[in-house]
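Enquirer: Structure in structure tokens, see below.
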Amino acid sequence: MAVAMPTIDAAALLRGASLRVTRPRVAVLAMVADNPHSDTDTIANAVRRELGSVSTQAVYDVLRALTEAGLVRRIEPAGSPARFETRVGDNHHHLVCRACGAIADVSCAVGEAPCLHAEDHHGFALDEAEVTFWGTCPDCLTRAE
């Protein structure tokens, strides 16, 4: 996965979030935007192909900074490494294939966060609901036939 021809203006997004614009941050943000649901190893390998030598720790640090700034969302499907995407702020959910691990976005059923409401919120101020739908993707279903 190359980082060439990003579909976003990563530098502008970084500046808008009051983050310093660095080559690793631009490359990581562009890679995540172009390849949603990628894991850290996939992101690091793509960034290395684009920039040359970049440590895995540097990629983890960039992902943490981007997540804390609200530019990237971290999801953690059970049994999978953390995945990252730039679709943030809309409280959408995910479909995960049990066979191959493919992940797809599912829009929020109600349309505003949180789109699910707890029967008893125990005094918490709820601002997000996370749902993961598990099943088998169309490609895996076709291969199984």
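Any read-out appearing in this document is the output of simple, stated calculations on the displayed coordinates, not a laboratory observation. Note that this is a predicted model, so its numbers are computed, not measured. Reconstructed Cβ throughout: ideal geometry from the backbone, glycine too, with neighbour counts over all protein chains shown.
Enquirer: Suppose R0 equals 22 Å. What FRET efficiency, 1/(1 + (r/R0)^6) with r the Cβ-Cβ distance, do L141 and D105 give to the nearest 0.05? It would help to have the intermediate numbers written out before the result.
Expert: On the way: r = 19 Å, r/R0 = 0.87.
It comes out at approximately 0.70.
Enquirer: Which ordering of D61, D41 is given by a fewest-first count of other beta-carbon atoms within 10 Å?
Expert: Working: D61 14, D41 11.
With the sparsest Cβ surroundings first, the list reads D41, D61.
Enquirer: Using the charge dipole of segment 89-144 (Lys, Arg: +1 at Cβ; Asp, Glu: -1 at Cβ; taken about the Cα centre), state which of H122, S107, L141 has its Cα farthest towards the positive end.
Expert: Positive-end residue among those listed: L141.
Enquirer: Let me ask something else. Just how large is the dipole of the chain about the Cα centre, in debye to the nearest 20, putting +1 at every Lys and Arg Cβ and -1 at every Asp and Glu Cβ?
Expert: Numbers: 13 positive and 19 negative charges, 158 e Å.
Roughly 760 debye for the chain.
Enquirer: Over the alpha-carbon set of the chain, divide Rg by the Kirkwood Rh and report the Rg/Rh ratio to two decimals.
Expert: Details: Rg = 16.8 Å, Rh = 16.6 Å.
For the chain, the value is 1.01.
Enquirer: Further question: Could you work out the helix-only [θ] at 222 nm for the chain, with each DSSP H run of four or more residues adding -39,500 (n - 2.57) and the total divided by the number of residues, to the nearest 500 deg cm²/dmol? Mind dumping the intermediate values first?
Expert: On the way: 5 runs with 51 residues, N = 145.
So the helix-based figure for the chain works out to -10500 deg cm²/dmol.
Enquirer: Under a 10 Å cutoff between Cα atoms, tell me which one of H122, H93, H37 has the largest fluctuation in the Gaussian network model of the chain.
Expert: Result for the chain, Cα springs under 10 Å: H122 fluctuates most.
Enquirer: Between the DSSP loop rule and a limit of at most 11 other Cβ atoms within 10 Å, which chymotrypsin sites (Phe, Trp or Tyr not before Pro) in segment 44-144 are left?
Expert: Values: sites: Y60, F84, F124, F133, W134; in loops: F124.
The qualifying sites are F124.
Enquirer: Hey, what does the equivalent ellipsoid look like for segment 9-67, semi-axes from the Cα gyration tensor as sqrt of 5 times each eigenvalue, largest first, whole Å? Don't skip to the end; give the middle numbers.
Expert: On the way: eigenvalues 57, 28, 23 Å².
Each semi-axis is the square root of five times an eigenvalue, giving 17, 12, 11 Å.
Enquirer: Give the long-range amide H neighbours of C137: residues separated by 5 or more places, or on another chain, with amide H under 5 Å away, using H modelled in the peptide plane at 1.01 Å from N.
Expert: Those lying under 5 Å, H to H, from C137 are R98, A99, C100.
Enquirer: From the residues S55, A10, I75, which one has its Cα farthest along the dipole of segment 10-75 in the positive direction, the dipole being from +1 and -1 charges on Cβ of Lys/Arg and Asp/Glu about the Cα centre?
Expert: Highest projection toward the positive end goes to A10.
Enquirer: Let me ask you something else. Trypsin sites (Lys or Arg not before Pro), restricted to segment 1-72: which are DSSP loop and have at most 10 other Cβ atoms within 10 Å?
Expert: On the way: sites: R15, R20, R25, R48, R49, R64; in loops: R20.
Loop-located and lightly packed - R20.
Enquirer: If you put +1 on each Lys and Arg Cβ and -1 on each Asp and Glu Cβ, how big is the dipole of segment 10-75 around its Cα centre, in Debye rounded to 20?
Expert: Details: 9 positive and 6 negative charges, 42 e Å.
Computed charge dipole of segment 10-75: roughly 200 debye.
Enquirer: How many nm is it between the label spots at D9 and R87, if each spot is 7 Å from the Cα in line with the beta carbon?
Expert: Placing both labels 7 Å along Cα→Cβ, they lie 2.4 nm apart.
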